[in-house]
Each structure stands twice: as C-alpha cells, then as structure tokens.
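The values are calculated or read from the model by the stated rules, or taken from the named source; none is laboratory data. On a predicted model such as this, the values are computed, not experimentally measured, just so you know. Counting neighbours? That spans all protein chains shown, and the Cβs are built from the backbone with ideal geometry, glycine included. Each accessible area value is taken on the protein alone, full model and side chains, heavy atoms only, with ligands, DNA and RNA left out. Shrake-Rupley method; radii C 1.70, N 1.55, O 1.52, S 1.80 Å.
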Amino acid sequence: MLTNLLAASKPAGGAAIGQIVIATLGAAIATTALLVLGFGHRSGRVPLLDRWGRFAERMSGLPAWAACPPALQPPR
C-alpha cells in the first residue's frame, strides 16, 4: 500500500532556474566580500575588523579575539 502511495505522488520539483541564479550570485557576492574583508585584515589594508576589535575590548574588558564573537550573537 505504501509503495502505491509513493508511486502515485508527484515529484517535489525544484526551484526555477532564475531563483537558482539569484541565489548563486548572492552567495558568490557574500563569499567575495568575506574573503576581501579577511585577506584585507590579515594584510593590514582593511582596518575595519581592527577598529571593531578595539571597540569590543573597551566595552567588555576582554581581548579582541574573545570580545568579538559574543557581540555577533543576538540578545536573549
């Protein structure tokens, strides 16, 4: 009986190609932005993360590497 039900049901289908293209482009843009931010920080050309780390240190009293991750979590 279960096999009859499974055989009679329609396949789930999938996303339209336009939606796939939009999602892929969005993921590529987000990945590129994170790579530029990370490599720029490591080379010293992008001071954004350094400034954020110093701010987090002042607010929490913890070192930047320990103060930044909790700042990303939503409040409870």
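Give the residue that is nearest to P70 (Cα to Cα), with candidates limited to residues of the range 42-59 that are open to solvent by less than 70 Å² (accessible area, probe 1.4 Å) and assigned to a helix (DSSP H, G or I). Here the residue is A56.
For the range 18-41, a residue qualifies if it is open to solvent by less than 60 Å² (accessible area, probe 1.4 Å) and over 16 Å from the mean Cα position of the chain (by Cα), and the qualifying residues are G18, G40. Among the residues of the range 48-76, those identified as touching a Gly at 6+ places or on another chain (Cβ under 9 Å) and not acidic (D, E) are L48, L49, P63, A64, W65, A67, C68.
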